[in-house]
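The values are calculated or read from the model by the stated rules, or taken from the named source; none is laboratory data. These numbers were taken from a predicted model, which means no experiment stands behind them. Neighbour counts are summed over all protein chains in view; Cβ atoms, including those assigned to glycine, are modelled from backbone coordinates with ideal geometry. Ligands, DNA and RNA are stripped out before the accessible areas are found, and what is left, the full protein with its side chains, is counted by its heavy atoms. Shrake-Rupley method; radii C 1.70, N 1.55, O 1.52, S 1.80 Å.
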Amino acid sequence: MPRPFDKLGIMWLTVLVLVCCLGLFAYIQQLRLGLCVTSLRDYASWGIYISNFVFFVAISLVGSLITAVLRLAGAHWCTPITRIAEIIAVSAISFAGLIIIVDMGRPERFYNLFIHGRLQSPIIWDVLVISTYLIISCLLLYLPLLPDLKILIARTKHDPEKRILHKMYCFMGSFWTGSPLQEKLVNRGINILCITIVPVAFSIHTVTSWLFATTYRAGWDSSNFGAYFISGAFLVGSGAVMVATYVFRHIYHLEDYITHVHFDKLGRIVVMLAGLYGYFNVNEYLVPAFKMKKPEEEFLLSLFVGDFSGIFWFAIITGMVIPIIILVTPWGRKPFPAFVAGVMVVVGAWIKRYLIVTPTLLSPFLPMHDVPESFKHYVPSWAEWSIAFGSLAGALLIITIFARLFPIIPIHETIHEAHEKNTEHH
Amino acid sequence: MSENSTSRKQFLAALVTAGLAVTGCSTKKENPFEGVSGEGGPTGKKVKLLSVDGEIVEMDSSCLKPVPDIPPVSNDRERVGIDGKKFVMVIDLARCKAVKNCQKMCNAAHQMHSGQNWIHVYPMKESENGAPFWQPTNCMHCDAPPCVKVCPVDATFKREDGIVLIDNTRCVGCRFCMAACPYSARIFNWNKPEITEEEACKPYSCESSTPQRLGTVGKCDFCPDMYRQNKLPHCVTGCPNGVYFFGDLNEDSVTNGAESFRFSDLIKDKAGYRLMEELGTKPSVYYLPPVNRNFPFEKGLPTSEKS
Ligand code: SF4
């Protein structure tokens, strides 16, 4: 049940709002002066904005994994965490869209994408699938919310303090009576959405990987990229759900609903996905490294032993190796260690996205020449950091506010399923 | 007057290059230039002009008004290109000693930011034991341009005359084309362009790529604006060593201003090649190999690096 923020909650909220404001301030600065407030230059023309975008798209894929794939597979244990997954998906994909606009040199010309859009450009594909995914995700968040809204409406009815909330709940769901017909329609709708979201989810991240793979550049010119991105996305998404589940369980005291079983199962999933992602990484790096073609050589060496080696190995070890080690043991799948492993997965994944974007751009085919020294390196500027963190804080803010207004686990479905289980037992 | 003996063709060419435009053009009316004569009244100096009907008419020179710019070509026509042309460039690596005057002229003509260039002059070496040489590189104006494929809004486009241009009034600044270009030919206007208010107010032309605009991408445009004025691109005229040859594939001729060659002969005789042929981009810029070089490589090094 949603409840007002306590002291900790208020503090958390303030921090998020402050970081968001900082990001907004940096963006206004960028609008005034142009992209020169970033450290992006002609060689490193994409930086942490784009890696942040890829990260958001990746993490949003989890909505489809937990809600759709597992639901279709009949894994009922995941019901209490579907809403967590879905709100992560919605907030992440919204910010993915925003970040793309932030990265544009002329954001005010965004409408050109619609009046002059050309279907052959992967950017247009991305715009199309991301907006579709956003709509489906919102629906998948909203439809299962309907029965819960009825409960909320009843609860807030006689509470004068919650008049505004009551009005909002009524606006969103007063038409819901819970009649068998409505139930049937909604269930049918959810099923259809679950099926459609799977190909759309695969497309958003495949297309995002094609933004890179459709170019000639060393490190991007790979036929492996779609699968590589999707496996990575499922991994970071599950990691994020594990973290969020732990936090919500702790704060809202949901120990009765979210049990060790959930962490155990999520942990197993993360191990499997980390293994899968590791497998694709081996393919991505080892095969080219075996051949060491000239254009790839500089790029790979910069990752393995050069400028980026520190964060590269950090991302591999923190993002995959250690989480696997933690989570293969039954002890590691207890809530707290699982939470730690989840954090590592998410942090590692964020860095990994950066490593996918920037080192490639700093290893062009023709040597970097005839440019100022600063063009040959890339260290994100304060404005980029502020905007990147601002967007991350913004996504967390949406999740936080959502949890304040709506029940974070689907009450109706969870009760319903618990009920079914009980009757089965008897 | 010598003008009287000028042939019609030369006369027309002279008219165009002088940047003059006739303010009215019909011989049917009694005096078509009544009321349009410039300040100061008739000068008594007669000028011969070709009317739209193909007749030669004689005018008082005060009837002619110089126009500051060649009348602008509309955006639609700029997107189609110059009829019947297929522009090519040949860069003779044997002649280059990194004077970089090409770069200087190009930068001045295209309002470049300090530090950014459309033309890069790379010190290259094919293999460890190979000889070093200088390689100027600009936009390759590929016939299968990767940048055009990825542009989401058709701000980068391929024209019928082979030129790849950018429309800075449409570019959204996504920089996908920069990532797609294997030749690193593209630069971005990260800062406000360093131009005067007056320059910034001039009408934009894709063919001259000016005035530059904040937040949009830029690159070598093969100077079709110069071609329309019967001139060669800035780099070609700027190079003291005649490295750059510019011309038309349909006419099979290229020139660096001083010398002209048959394009096909030049490529055949000197074994011309294109950069990164294996990528399938089909560039319009050809290179002549750096054999029998006119200058030792060291000549091109900045004084501080010369040993
Ligand atoms: S930066 Fe401009 S020209 Fe380049 S792809 Fe984007 S919109 Fe097209």
Q.
What's the total number of residues in the range A:362-383 that are open to solvent by less than 50 Å² (accessible area, probe 1.4 Å), closer than 18 Å to A:Gly306 by Cα and assigned to a helix (DSSP H, G or I)?
A. 1
**Q.** Options B:Thr137, B:Thr169: the member that is within 16 Å of the ligand (Cβ to nearest atom) and under 23 Å from the mean Cα position of the chain (by Cα)
**A.** B:Thr169
Q | Filter result for B:Ala200 (within 16 Å of the ligand (Cβ to nearest atom) and either within 14 Å of chain A (Cβ to nearest Cβ) or hydrophobic (A, V, I, L, M, F, W, C) (or both)) | A | no
Q: Mind listing whichever residues of the range A:110-127 are away from the ligand (no atom under 12 Å from the Cβ) and part of a helix (DSSP H, G or I)?
A: A:Phe114, A:Ile115, A:Trp125, A:Asp126, A:Val127
(Q) Conditions first: (1) facing chain A (nearest Cβ under 10 Å); (2) open to solvent by less than 10 Å² (accessible area, probe 1.4 Å); (3) on the phi < 0 side of the Ramachandran plot; (4) in a loop (DSSP other than H, G, I, E, B). B:Thr169 passes all but one, so which condition is the exception? (A) (2)
Q.
Name the residue that is farthest from the other protein chains (Cβ to nearest Cβ), counting only residues in the range A:27-41 that are open to solvent by 20 Å² or more (accessible area, probe 1.4 Å) and assigned to a loop (DSSP other than H, G, I, E, B).
A. A:Ser39
**Q.** Answer from B:Leu288, B:Leu249 - the residue that is in contact with a strand residue (DSSP E or B) (Cβ under 9 Å, 6 or more places away or on another chain) and either over 25 Å from A:Phe365 (Cα atoms) or of a type in the set (Asp, Glu) (or both)
**A.** B:Leu249
Q) Among B:Ile195, B:Ile187, which is the only one that is open to solvent by less than 30 Å² (accessible area, probe 1.4 Å) and not polar (S, T, N, Q)? A) B:Ile187
Q: Looking at (1) within 30 Å of A:Leu366 (Cβ to Cβ); (2) in a helix (DSSP H, G or I), find the lone condition where A:Ala218 falls short.
A: (2)
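Does B:Val80 fit the bill of being open to solvent by 20 Å² or more (accessible area, probe 1.4 Å), out of contact with any Leu (no Cβ under 7 Å at 6 or more places or on another chain) and modelled with pLDDT of 90 or more?
So B:Val80 passes the test.
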Q) Is it true that some residue in the range B:199-210 is within 24 Å of B:Arg170 (Cβ to Cβ), open to solvent by 30 Å² or more (accessible area, probe 1.4 Å), outside any loop (DSSP other than H, G, I, E, B) and in contact (Cβ under 8 Å) with a residue 40 or more places away in the chain? A) yes
(Q) The conditions are (1) in contact (Cβ under 8 Å) with a residue 12 or more places away in the chain; (2) more than 16 Å from the ligand (Cβ to nearest atom); (3) within 22 Å of A:Ile136 (Cβ to Cβ), and A:Gly74 fails exactly one of them. Which is it? (A) (1)
Q) Only one of B:Cys151, B:Cys147 is within 14 Å of chain A (Cβ to nearest Cβ), modelled with pLDDT of 95 or more and either within 20 Å of the chain's Cα centre (by Cα) or surrounded by fewer than 20 Cβ atoms within 10 Å (Cβ to Cβ) (or both); which? A) B:Cys147
Q | In the range B:119-135, residue nearest to B:Arg77 (Cα to Cα) [restricted to those that are more than 10 Å from chain A (Cβ to nearest Cβ) and touching a residue at least 24 places away in the same chain (Cβ under 8 Å)] | A | B:Trp134
**Q.** Test result for A:Arg188, of a type in the set (D, E, K, R) and touching a residue at least 24 places away in the same chain (Cβ under 8 Å)
**A.** no
Q) In the set A:Gly226, A:Gly332, A:Gly232, which member is in a helix (DSSP H, G or I) and farther than 28 Å from B:Cys177 by Cβ? A) A:Gly332
Q. Do you know which residues across the range B:140-166 are touching a Leu at 6+ places or on another chain (Cβ under 7 Å), more than 11 Å from the ligand (Cβ to nearest atom) and over 21 Å from A:Leu361 (Cα atoms)?
A. B:Arg159
Q: Identify all residues within the range B:183-197 that are within 16 Å of the ligand (Cβ to nearest atom) and of a type in the set (Ser, Thr, Tyr); write none if there are none.
A: B:Tyr183, B:Ser184
(Q) Yes or no: the range A:204-214 includes at least one residue that is open to solvent by less than 80 Å² (accessible area, probe 1.4 Å), in a helix (DSSP H, G or I) and over 29 Å from A:Ile50 (Cα atoms). (A) no
Q) Mind checking which residues of the range B:97-139 are over 22 Å from A:Arg41 (Cβ atoms), assigned to a loop (DSSP other than H, G, I, E, B) and open to solvent by 40 Å² or more (accessible area, probe 1.4 Å)? A) B:Lys97, B:Val99, B:Glu126, B:Ser127, B:Glu128, B:Asn129, B:Ala131
Q) Of the residues that sit in the range B:211-232 and are within 14 Å of the ligand (Cβ to nearest atom) and touching a strand residue (DSSP E or B) at 6+ places or on another chain (Cβ under 7 Å), which one is farthest from B:Lys192 (Cα to Cα)? A) B:Asp221
